[in-house]
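Student: Take this structure, written in structure tokens, and hold onto it; I'll ask about it next.
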């Protein structure tokens, strides 16, 4: 275009970008409070209905509230833990209920979405403790570890990795696979994409990510393996599928993670989706690439779990 702005080959991603631009606060307006941000994220997530045949049940996992999503065609013995994104400070089962339910439906897996504790009220390692409780819960319920998948987006993707590492360090068996969607896995922001993709990413900024990282770590080393698992020793972790958008500042996290996983002997598949933005899967109702990616990720998990 004459003004130098990008021309998107996928017209649907242009529509998503226009939607996001409409949500943006006017320049100079006061920053919304944390509670307002949390309420807004939940409200956006609840706009999408559950797929037909998926039922929701509220459960308690040793003090951790959670939702159990059960698709009508769930395969016996197959389970999924879904860890929502939100920078470790936002998000809940409500914000990601529809997204998790679509994965549950297409993977044909009973799915648990824990309402893990958030920073700054409950910083690192509270979220990991709650996610690990959820994994232990499924093991205690009789699910075989190789038939449990863990998946998550953004901070939930980093938390997925941290949970697998915490399970390994606790002597627990590994889950069957990990599905990571735009994972935030290097909170020290070492990658080139934090600067190079800044002008293209409509959802994440380096400054915002840095503040969330500080709120989560609260003085802990950002290179701690459970905080930045892309830089951890990943030896012994199960197969992983990584989806990341080309036009997002977290692209480098996924590239670093895939390289580290490969060097540690982990079977890993990295897919960089051209023109896609951070966690594009959540725009299922208006983006064909979101529907394709969700279906592909769900089917990959089902194949791994048997």
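The values are calculated or read from the model by the stated rules, or taken from the named source; none is laboratory data. Nothing here was measured: the structure is a model prediction, and the numbers come from that model. Methodologically, a virtual Cβ is constructed for each residue, glycine included, from the backbone with ideal geometry; neighbour enumeration extends over all protein chains shown.
Student: Search the range 27-43 for residues that are under 18 Å from residue 97 (Cβ atoms) and pair each with any residue that is loosely packed, with under 15 Cβ neighbours inside 10 Å when their beta-carbon atoms are under 8 Å apart and the residues are at least 6 apart or on different chains.
Tutor: From the range 27-43, the pairs are 40/32.
For (1) touching a strand residue (DSSP E or B) at 6+ places or on another chain (Cβ under 8 Å); (2) surrounded by fewer than 22 Cβ atoms within 10 Å (Cβ to Cβ); (3) within 22 Å of residue 109 (Cα to Cα), each residue gets a yes or a no:
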position: 254; (1), (2), (3): yes, no, no
position: 260; (1), (2), (3): no, yes, no
position: 289; (1), (2), (3): yes, yes, no
position: 306; (1), (2), (3): no, yes, yes
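Student: Of everything in the range 264-287 that's out of contact with any strand residue (DSSP E or B) (no Cβ under 9 Å at 6 or more places or on another chain) and at negative phi, which residue is surrounded by the most Cβ atoms within 10 Å (Cβ to Cβ)? Spell out how you get there, then give the answer.
Tutor: Start the filter on the range 264-287 by keeping residues that are out of contact with any strand residue (DSSP E or B) (no Cβ under 9 Å at 6 or more places or on another chain), which leaves 264-265, 283-287.
Those left that are additionally at negative phi: 264, 283-287.
Values: 264: 14, 283: 22, 284: 19, 285: 11, 286: 12, 287: 20.
The extreme case among them is 283.
Student: Inspect all residues belonging to the range 274-284 and state whether any of them is over 27 Å from residue 34 (Cβ atoms), under 17 Å from the mean Cα position of the chain (by Cα) and at pLDDT 95 or above. First the steps, then the outcome.
Tutor: The initial filter retains those residues of the range 274-284 that are over 27 Å from residue 34 (Cβ atoms), namely 274-276.
Retained after the next criterion (residues that are under 17 Å from the mean Cα position of the chain (by Cα)): 276.
From the residues that got through so far, the ones that are at pLDDT 95 or above too are 276.
Checking the range 274-284: at least one residue is over 27 Å from residue 34 (Cβ atoms), under 17 Å from the mean Cα position of the chain (by Cα) and at pLDDT 95 or above.
Student: In the range 69-109, what residues are under 15 Å from the mean Cα position of the chain (by Cα), in a loop (DSSP other than H, G, I, E, B) and either in contact (Cβ under 8 Å) with a residue 40 or more places away in the chain or within 21 Å of residue 145 (Cβ to Cβ) (or both)?
Tutor: From the range 69-109, those under 15 Å from the mean Cα position of the chain (by Cα) are 80-104; that's our starting set.
If we keep only those that are in a loop (DSSP other than H, G, I, E, B) as well, we get 84-96.
Scanning the range 69-109 gives 84, 85, 86, 87, 88, 89, 90, 91, 92, 94, 95, 96.
Student: Okay, next question. Could you tell me whether residue 220 is closer than 14 Å to residue 119 by Cα and in contact (Cβ under 8 Å) with a residue 40 or more places away in the chain? Write out each step before concluding.
Tutor: Values: closer than 14 Å to residue 119 by Cα: yes; in contact (Cβ under 8 Å) with a residue 40 or more places away in the chain: yes.
When the stated conditions are applied, residue 220 passes them.
Student: Still on this structure: Before we move on, is residue 120 more than 23 Å from residue 176 (Cα to Cα) and either in contact (Cβ under 8 Å) with a residue 40 or more places away in the chain or in a loop (DSSP other than H, G, I, E, B) (or both)? Before the answer, list the steps.
Tutor: On the way: more than 23 Å from residue 176 (Cα to Cα): yes; either in contact (Cβ under 8 Å) with a residue 40 or more places away in the chain or in a loop (DSSP other than H, G, I, E, B) (or both): yes.
Considered against the rule, which asks whether it is more than 23 Å from residue 176 (Cα to Cα) and either in contact (Cβ under 8 Å) with a residue 40 or more places away in the chain or in a loop (DSSP other than H, G, I, E, B) (or both), residue 120 comes out as yes.
Student: Quick check on residue 245: is it at pLDDT 95 or above, in contact with a helix residue (DSSP H, G or I) (Cβ under 9 Å, 6 or more places away or on another chain) and either farther than 27 Å from residue 9 by Cα or buried (at least 17 other Cβ atoms within 10 Å of the Cβ) (or both)? Quick ask: steps written out before the conclusion?
Tutor: Values: at pLDDT 95 or above: yes; in contact with a helix residue (DSSP H, G or I) (Cβ under 9 Å, 6 or more places away or on another chain): yes; either farther than 27 Å from residue 9 by Cα or buried (at least 17 other Cβ atoms within 10 Å of the Cβ) (or both): yes.
Criteria met by residue 245.
Student: State whether the residues of the range 204-225 include one that is under 30 Å from residue 74 (Cβ atoms), at pLDDT 95 or above and surrounded by fewer than 23 Cβ atoms within 10 Å (Cβ to Cβ).
Tutor: As a first pass, look at the range 204-225 and keep what is under 30 Å from residue 74 (Cβ atoms): none.
Scanning the range 204-225, I find no residue that is under 30 Å from residue 74 (Cβ atoms), at pLDDT 95 or above and surrounded by fewer than 23 Cβ atoms within 10 Å (Cβ to Cβ), so the answer is no.
Student: Oh, and also: Could you count how many residues in the range 97-129 are under 18 Å from residue 57 (Cβ atoms) and out of contact with any helix residue (DSSP H, G or I) (no Cβ under 9 Å at 6 or more places or on another chain)?
Tutor: Matching residues across the range 97-129 total 2.
Student: Would you mention how many residues in the range 48-62 are without any contact (Cβ under 8 Å) to a residue 40 or more places away in the chain and either in a loop (DSSP other than H, G, I, E, B) or touching a helix residue (DSSP H, G or I) at 6+ places or on another chain (Cβ under 8 Å) (or both)?
Tutor: Narrowing the range 48-62 to residues without any contact (Cβ under 8 Å) to a residue 40 or more places away in the chain: 52, 55, 57-58, 60.
Those left that are additionally either in a loop (DSSP other than H, G, I, E, B) or touching a helix residue (DSSP H, G or I) at 6+ places or on another chain (Cβ under 8 Å) (or both): 52.
Of the residues in that region, 1 qualify.
Student: Could you please find all residues in the range 133-163 being surrounded by 24 or more Cβ atoms within 10 Å (Cβ to Cβ) and either farther than 29 Å from residue 34 by Cα or without any contact (Cβ under 8 Å) to a residue 60 or more places away in the chain (or both)?
Tutor: Residues satisfying the conditions are 135, 148, 149.
Student: Now, a different point. Does residue 250 satisfy the criteria of being modelled with pLDDT of 95 or more, touching a strand residue (DSSP E or B) at 6+ places or on another chain (Cβ under 8 Å), surrounded by 19 or more Cβ atoms within 10 Å (Cβ to Cβ) and farther than 25 Å from residue 173 by Cβ? Write out each step before concluding.
Tutor: Details: modelled with pLDDT of 95 or more: yes; touching a strand residue (DSSP E or B) at 6+ places or on another chain (Cβ under 8 Å): yes; surrounded by 19 or more Cβ atoms within 10 Å (Cβ to Cβ): yes; farther than 25 Å from residue 173 by Cβ: yes.
Criteria met by residue 250.
Student: Also: Being exposed (fewer than 12 other Cβ atoms within 10 Å of the Cβ), modelled with pLDDT of 95 or more and within 24 Å of the chain's Cα centre (by Cα) is true for just one of 18, 43, 66. Which residue is that? Show your work before the answer.
Tutor: Values: 18 fails: modelled with pLDDT of 95 or more; 66 fails: exposed (fewer than 12 other Cβ atoms within 10 Å of the Cβ).
After ruling out the rest, the residue left standing is 43.
Student: Which pairs have Cβ atoms under 9 Å, sit 6 or more apart or on different chains, and link a residue in the range 12-26 that is without any contact (Cβ under 8 Å) to a residue 60 or more places away in the chain to one that is loosely packed, with under 10 Cβ neighbours inside 10 Å and part of a loop (DSSP other than H, G, I, E, B)?
Tutor: Between residues of the range 12-26 that are without any contact (Cβ under 8 Å) to a residue 60 or more places away in the chain and residues that are loosely packed, with under 10 Cβ neighbours inside 10 Å and part of a loop (DSSP other than H, G, I, E, B), the close pairs are 14/7; 25/31.
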